[in-house]
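The values are calculated or read from the model by the stated rules, or taken from the named source; none is laboratory data. Nothing here was measured: the structure is a model prediction, and the numbers come from that model. Here the Cβ is made from the backbone with ideal geometry for all residues, glycine too, and neighbour counts use every protein chain on show.
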Amino acid sequence: MQVVSEVLLQRTRAETVAGILPAFLEHYPSWHALSEARGEELEQFLVPIGLWRRRARSLLALARKLASEGFVFPLGERELLGWPAVGPYVAAAVRVFVHGKPAALIDEGVARLLGRAYECRTRVDIRADKALRELAEGICAGPNSRELNWAVLDVVAKHCRPRVPSCDGCPFAVDCMYIRKAK
């Protein structure tokens, strides 16, 4: 059900999703339960985090697609990208959290961190930024991909905020180009 939280986190702050996630998962403890949900009921759960109609339709479509596939997510990114509510980030989340395979979870925060630290950004659209993707995949490669992704996301949340970063204690500070330029 980790993938559910990743879908809910799209365009929404983690604190906002955290406010509804325990009750949501209690009511819909499995993909099977979610696939049998009524749209209106699902929308009511999602009202507090906004975009509830869109999210409800996306989650329901994803759960029903998963049900039609015997509740097994495909491993391949190309196939995953054809599923409802699945873009590059959710496809990577499926590979990491469902299949235990290495992949990089690249959201705007991760792109900001890597862009600041390594000046690797070549495109505004993170989906089309090959250099950013290669760096992130290199960082999160290997058998500890899940933990590495969580660590990078934690660094973003704690240190690399959009307007006023808190660079003290950041593990990327040693090599960070952003900090070097600020001095």
Val94 farther than 27 Å from Val164 by Cβ, under 17 Å from the mean Cα position of the chain (by Cα) and outside the structural domain of Lys158 (by TED's automatic domain parsing): yes
Within segment 62-113, tally of residues that are basic (Lys, Arg) and either over 30 Å from Tyr178 (Cβ atoms) or touching a Ser or Thr at 6+ places or on another chain (Cβ under 8 Å) (or both): 4
Out of Leu132, Leu113, sole residue that is assigned by TED's automatic domain parsing to the domain that holds Cys176, buried (at least 20 other Cβ atoms within 10 Å of the Cβ) and in contact with a His (Cβ under 9 Å, 6 or more places away or on another chain): Leu113
Counted residues, segment 108-150 - those being farther than 16 Å from Phe172 by Cβ and small (Gly, Ala, Ser): 5
Scan of segment 81-92 for residues that are in contact (Cβ under 8 Å) with a residue 12 or more places away in the chain and either of a type in the set (A, V, I, L, M, F, W, C) or assigned to a helix (DSSP H, G or I) (or both), ordered by number: Trp83, Ala85, Val86, Pro88, Tyr89, Val90, Ala91, Ala92
Top-ranked residue in segment 162-180 [being in contact with a helix residue (DSSP H, G or I) (Cβ under 9 Å, 6 or more places away or on another chain) and exposed (fewer than 10 other Cβ atoms within 10 Å of the Cβ); ranked as farthest from Leu148 (Cα to Cα)]: Pro162
Top-ranked residue of segment 9-34 - restricted to ones that are in a helix (DSSP H, G or I) and touching a Phe, Trp or Tyr at 6+ places or on another chain (Cβ under 8 Å), ranked as farthest from Val156 (Cα to Cα): His32
Verdict on Gly50 being out of contact with any Pro (no Cβ under 6 Å at 6 or more places or on another chain) and on the phi > 0 side of the Ramachandran plot: yes
